[in-house]
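Presented below is the structure to which this report refers.
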Amino acid sequence: MSDHYEVVFSCFLRDDTPESVMAALRWHLGLDAEFPENLDADEGQLYPLLDPDNHNSCLPGGDVVSLRRTVREFTQSGERYEWELFARKDWLDDSILYLRHLLDLLAPHAARPGYGGLFRNFYGTAVTVFTFRDGTYEPIEILG
């Protein structure tokens, strides 16, 4: 029997995030069908990790994903945009091994330091929050 994990990404990415990263992210979200050239299938990235599967999700309300370009600030030189990412997904324990691939993909492009998301075992009390800072990420376990 597999363990289930709730995985949440809730962050903003810089507007100048490279197209190769955005293509990989859209593929992981299930928004693009074509496998991106910059992903390495040899590292286990064989299927989209954030593609909603509401038929098999154990989450109340099902899986949710959203990626949109949004105005974050109005400046004297015009509007400043960022990519808003929100994903809440039910992962089986086999998939949790690939979480670092997504974090490695996103961390260098986080728009600001701080909260990036979390993951937790459905039946446990501990939550692991990950934060973005200086192009990398740090997991922080919070015991419940």
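Structural remarks
- Atom-type composition of the exposed protein surface of the chain places 50 percent of the accessible area on carbon and sulfur (1.4 angstrom probe).
- Mean-square fluctuations from a GNM of the chain, with a 10 angstrom spring cutoff on Cα atoms, peak among T125, T17, T75 at T75.
- Max mean-square fluctuation residue, GNM over the chain, Cα-Cα springs under 10 Å, options A24, A33, A87: A33
- For the chain, relative contact order (Cα pairs under 8 Å, six or more residues apart, normalised by length) works out to 30 percent.
- Across region 4-144, the volume of the C-alpha convex hull divided among the residues equals 121 Å³ per residue.
- For region 53-116: rounded, prolate or oblate by the Cα gyration tensor [a/c cutoff 1.5]: oblate
- Every Cα-Cα pair in region 76-144 was counted, and those over 17 Å apart are 50% of them.
- Here the gap between D15 and V71, fully extended at 0.36 nm per residue and compared with their Cα-Cα distance, gives a gain of 19.2 nm.
- Surface analysis of region 47-144 yields an accessible area of 59 Å² per residue, using protein heavy atoms and a 1.4 Å probe.
- Label zone (D3, point 7 Å along Cα-to-C-beta; backbone nitrogen cut-off 18 Å) within region 85-111: 89-101.
The values are calculated or read from the model by the stated rules, or taken from the named source; none is laboratory data. Just so we're clear, the structure is a prediction, and the values are computed from it rather than from any experiment. Cβ: placed from backbone, ideal geometry, glycine included. Neighbour counts: every protein chain shown. The accessibility values were calculated without ligands, DNA or RNA, using every heavy atom of the protein model including side chains. Shrake-Rupley method; radii C 1.70, N 1.55, O 1.52, S 1.80 Å.
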